[in-house]
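Written below as structure tokens is the structure these notes are about.
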Amino acid sequence: MHKKGLLGQLIQNLCCLPGVGPKTAQRMAFYLLQRDRNGARNLAETVLQAIDKIGHCEQCRTLTEYPFCEICADSSRDDSLICIVESPADVWIVDQATQFKGCYFVLHGRLSPLDGIGPDELGLDLLEQRLATGSVKELILATNSTVEGEATAYFIGEIAKKYQVQASRIAHGVPMGGELEFIDSGTLSHAFKGRKEI
Ligand code: ZN
């Protein structure tokens with residue numbers, strides 16, 4: 001099959017999506033061009049706008065097109081409780097699966113010295129500034145239960161101690177090596193309620 005020209009380019013670019021290989025990309029490209037050109041145009045325009053306008057919340061670092069995300073800007077949320085997660089997707093997952101009414105802090109990764117990811121890359125200086133104000137009562141460490149996620153939780157737990165802030169780790173139900181994204185909401189809800197001080 002030829003992969004030249006705009007059509008080839010479209011197929012190749014669709015392959016940047018997770019889980020999309022050349023065959024699926026080919027199917028998508030033909031579908032968009034033959035069956036749904038309007039949908040394709042909307043998709044392209046929304047992707048462009050999202051890329052131009054969506055940045056990071058100044059307080060919690062999650063994705064938003066505003067200076068502060070919806071959760072940080074919501075005065076009914078308890079900002080003395082902060083749930084620490086690895087990715088913006090985890091904010092949505094925890095928020096949908098639990099009755100958590102506090103705020104979040106997004107690391108955008110986990111400590112990984114071999115990959116050059118240290119405390120600065122995770123925005124921990126920003127988190128420390130927040131702890132230093134004395135307004136935070138508890139950190140809930142909801143990093144993934146991988147080796148690096150555990151090490152990150154431990155590291156942040158030590159920072160919390162420095163500021164005499166209670167830190168708890170989500171516990172039961174999250175399988176070892178598991179990532180929050182792939183856990184059903186019942187299990188995650190249970191894990192959240194069963195968090196313990198570390
Ligand atoms: Zn925010």
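A few notes on this one:
- Packing order of peptides 158-170, 141-153, 13-25, 102-114, highest average first: 141-153, 102-114, 158-170, 13-25 (average count of other Cβ atoms within 10 Å over each peptide's residues).
- The relative contact order of region 63-169, computed from alpha carbon pairs under 8 Å that lie at least 6 residues apart in sequence, is 27 percent.
- Kyte-Doolittle at least -1.0, axis length at least 15 Å by Cα - qualifying DSSP helices, the chain: 22-34, 37-53, 147-162
- Projected-area average for region 63-169 over all orientations - Cα convex hull basis, square nanometres: 6.7 nm²
- The chain: calculated mean residue ellipticity at 222 nm from DSSP helix runs of at least 4, using -39500 (n - 2.57): -13500 deg cm²/dmol
- Relative contact order, whole percent, for the chain stands at 15, derived from Cα pairs under 8 Å and 6 or more residues apart.
- Taking label positions 7 Å along the Cα-Cβ direction at both Ser80 and Cys16, the computed distance is 4.5 nm, reported to one decimal.
- Amide H contacts under 5 Å for Tyr104, placed H, 5+ residues apart: Cys83
- Rounded, prolate or oblate (a/c below 1.5 giving rounded, otherwise prolate when a/b exceeds b/c) for region 5-53 by Cα gyration tensor: oblate
- Residues Phe30, Phe192 arranged by fewest to most Cβ contacts within 10 Å: Phe30, Phe192
- Nearby lysines by direct alpha-carbon distance to Lys137 (threshold 23 angstrom, same-chain neighbours under 8 apart not counted): Lys101, Lys161, Lys162, Lys193, Lys196
- Over all other residues within a Cβ to Cβ distance under 15 Å of Pro67, the charged ones net out to -2, with Lys and Arg as +1 and Asp and Glu as -1.
- Separation of alpha-carbon centers, region 82-100 and region 130-151, rounded to whole Å: 12 Å
- Within straight-line reach of Lys3, meaning a Cα separation under 27 Å, sit the following lysines at least 8 residues removed in sequence or on another chain: Lys23.
- Principal axis analysis of the Cα atoms in the chain yields extents of 62, 35, 35 Å, listed in decreasing size.
Since every read-out is calculated from the coordinates, none of them should be taken as a lab result. Fair warning: this is a prediction, and the values are worked out from it, not measured in the lab. Note that each Cβ is placed from the backbone with ideal geometry, even for glycine, and that neighbours are counted across all protein chains shown.
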